[in-house]
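The values are calculated or read from the model by the stated rules, or taken from the named source; none is laboratory data. Predicted model, so just to flag it, every value in this text is computed and none were measured. When we count neighbours, we look across all protein chains shown, and the Cβ atoms used for this are built from the backbone with ideal geometry, even at glycine. When the accessible area is computed, the model is the full protein with side chains, heavy atoms only, and any ligands, DNA or RNA have been set aside. Shrake-Rupley method; radii C 1.70, N 1.55, O 1.52, S 1.80 Å.
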Amino acid sequence: MPAHPASLFSIATGSPEPIYRQLVEQVRRLSASGQLRPGDEMPSVREIAQALTLNPMTVSKAYGLLEMEGVLARRRGLGMVVAESAAPAEKADIVGLLRPTLERAAVEARQLELDPDTVLSLFATILKETK
């Protein structure tokens, strides 16, 4: 797990998706891909809220939803950890997690009247840059 909570999450403040949902989706993806493994300790609500300048209630809401879904588990006195049942997902499940993000990007590309080749080239460039 990254040493600093801010490196675990990235928040798109201009997104129509609520911040707590962004956090939930990012934890789901990190868990599904195996980047977060069962038993990994999560940063505290306070750490994330301070690092990303968020209301602690926003982070708490995200953690609560993830706990209800069985992605995170609460350890008495020790905070949240990735649940033992949160094993890495199958490849098809991981691709399914990415689809909504790509659909939003496709809508934006169409609104900007960009041709598919330009968009795919840009996406390939971004993938290479973020390795």
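So, in the stretch 15-59, of the ones that are free of Cβ contacts under 8 Å to residues at least 24 places away in the same chain and of a type in the set (Gly, Ala, Ser), which residue ends up most open to solvent (accessible area, probe 1.4 Å)? Per the stated criteria, the residue is SER15. Would you check if there is a residue in the stretch 117-129 being surrounded by fewer than 16 Cβ atoms within 10 Å (Cβ to Cβ), within 16 Å of the chain's Cα centre (by Cα), of a type outside the set (Phe, Trp, Tyr) and part of a helix (DSSP H, G or I)? No, the stretch 117-129 contains no residue that is surrounded by fewer than 16 Cβ atoms within 10 Å (Cβ to Cβ), within 16 Å of the chain's Cα centre (by Cα), of a type outside the set (Phe, Trp, Tyr) and part of a helix (DSSP H, G or I). Restricting attention to the stretch 7-45, the residues being more than 18 Å from ARG99 (Cβ to Cβ) and outside any helix (DSSP H, G or I) number 17. With respect to the conditions (1) under 26 Å from ARG104 (Cα atoms); (2) in contact with a strand residue (DSSP E or B) (Cβ under 8 Å, 6 or more places away or on another chain); (3) open to solvent by 60 Å² or more (accessible area, probe 1.4 Å), GLU67 falls short on a single one, namely (1). Figure legend. Inter-residue proximity from the stretch 100-113: first residues free of Cβ contacts under 8 Å to residues at least 24 places away in the same chain, second residues among the aliphatic types (A, V, I, L, M) and assigned to a helix (DSSP H, G or I), beta-carbon distance below 7 Å, spacing 6+ or different chains. Indicated pairs: ALA109/VAL119.
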